[in-house]
Amino acid sequence: MSHNPLGQQTEYLSEYAPHLLFSIARAESRKQLGIESGLPFFGMDIWTGYELSWLNESGKPVVAVAEFRIPCNSEFIIESKSFKLYLNSLNQTRFASVNEVRDIVERDLSQAAKAQVTVQVFPVGSGGYLAEVARPVAIELDDLDVTVDAYHPAPDLLVVSSEQVSETLVSHLLKTNCPVTGQPDWASVFIRYTGKKIMHENLLRYLISFREHQDFHEHCVERIFCDLQRVCKPEALSVYARYTRRGGLDINPFRSTDSSIQPDAIRLIRQ
């Protein structure tokens, strides 16, 4: 794989260049969480590409939206800037069909992630994909009146009661930062669990505590999942973050104790 393009001057190639993809091992971050051997979750990273384009055999542009699903047990994540540069390299490349584009991209991403990546491509004229903005079906935490003084991950803020519940919570206040450029990343995070009730005010303060934290989207969600599992000990737990797009891509990591749950590809108001 090529060198990490983050923080570097960039040459934008417009003809097919799979070597642009840059892989980052998941192992180092998971080692810090103590989960380098045996994952405590199932899940995937759902990427949405809103600026996919190529040329048909007559040289006429085609524009599309694509969804990429990378399993959480892949050896590598794909660095987002390199992903964007790779997709841009399709712009002046001719392909015979949508299926050819899908198959080539699926092959290249699978090689970069060292796992089977699935790709769906939706030409814009076909309509339908994530057309409507969804209203979250969850208890929103953001109107709670809390005092905040922690802006780095603080799992000690988490508190449970003796009450047994099953609920889905959401906060739109999650902000993390790119570990290389320091640029802010914004997200809505959904937490679905069964077990002792997690006190809502404490959970909101905990989620806000990521505000100055620097890490990749996928690693942040895994840290949230592991903190909740370790401190709150729920019987079942899913964590799903819908990040806002940057450069035409959004990244939406999903982690769950239940291998049968498939996350919905929803579009929120900031997406």
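The values are calculated or read from the model by the stated rules, or taken from the named source; none is laboratory data. This structure is a prediction, so every number in the text was calculated from the model and none was measured. Positions of Cβ are backbone-derived with ideal geometry, glycine not excepted, and every protein chain shown enters the neighbour counts. Please note that ligands, DNA and RNA were not included when accessible areas were found on the heavy atoms of the full protein model with its side chains. Shrake-Rupley method; radii C 1.70, N 1.55, O 1.52, S 1.80 Å.
Listing for the model above:
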item: Enumeration of residues in the range 70-102 that are charged (D, E, K, R), touching a strand residue (DSSP E or B) at 6+ places or on another chain (Cβ under 8 Å) and either part of a loop (DSSP other than H, G, I, E, B) or surrounded by fewer than 20 Cβ atoms within 10 Å (Cβ to Cβ) (or both); result: Glu75, Glu79, Arg94, Arg102
item: In the range 240-262, the residues that are assigned to a loop (DSSP other than H, G, I, E, B), of a type outside the set (D, E, K, R) and closer than 14 Å to Ala187 by Cβ; result: Thr244
item: Candidate set from the range 247-263 (those that are open to solvent by 50 Å² or more (accessible area, probe 1.4 Å) and either of a type in the set (A, V, I, L, M) or out of contact with any Ser or Thr (no Cβ under 9 Å at 6 or more places or on another chain) (or both)); member that is modelled with the lowest pLDDT; result: Gln262
item: Contacts under 8 angstrom Cβ, first residue in the range 180-197 being more than 28 Å from Glu163 (Cβ to Cβ), partner surrounded by fewer than 19 Cβ atoms within 10 Å (Cβ to Cβ) and aliphatic (A, V, I, L, M), 6 or more apart; result: Val180/Leu6; Thr181/Leu6
item: Selection count, the range 211-239, where residues are part of a helix (DSSP H, G or I) and touching a helix residue (DSSP H, G or I) at 6+ places or on another chain (Cβ under 7 Å); result: 6
item: Hits in the range 133-176 (condition: assigned to a loop (DSSP other than H, G, I, E, B), farther than 22 Å from Cys232 by Cα and within 20 Å of the chain's Cα centre (by Cα)); result: Val133, Ala134, Arg135, Pro136, Val137
item: Cross-chain or 6+ apart pairs with Cβ under 9 Å, the range 40-69 first and without any contact (Cβ under 8 Å) to a residue 24 or more places away in the chain and within 24 Å of Arg267 (Cβ to Cβ), then surrounded by 20 or more Cβ atoms within 10 Å (Cβ to Cβ) and of a type in the set (Ser, Thr, Tyr); result: none
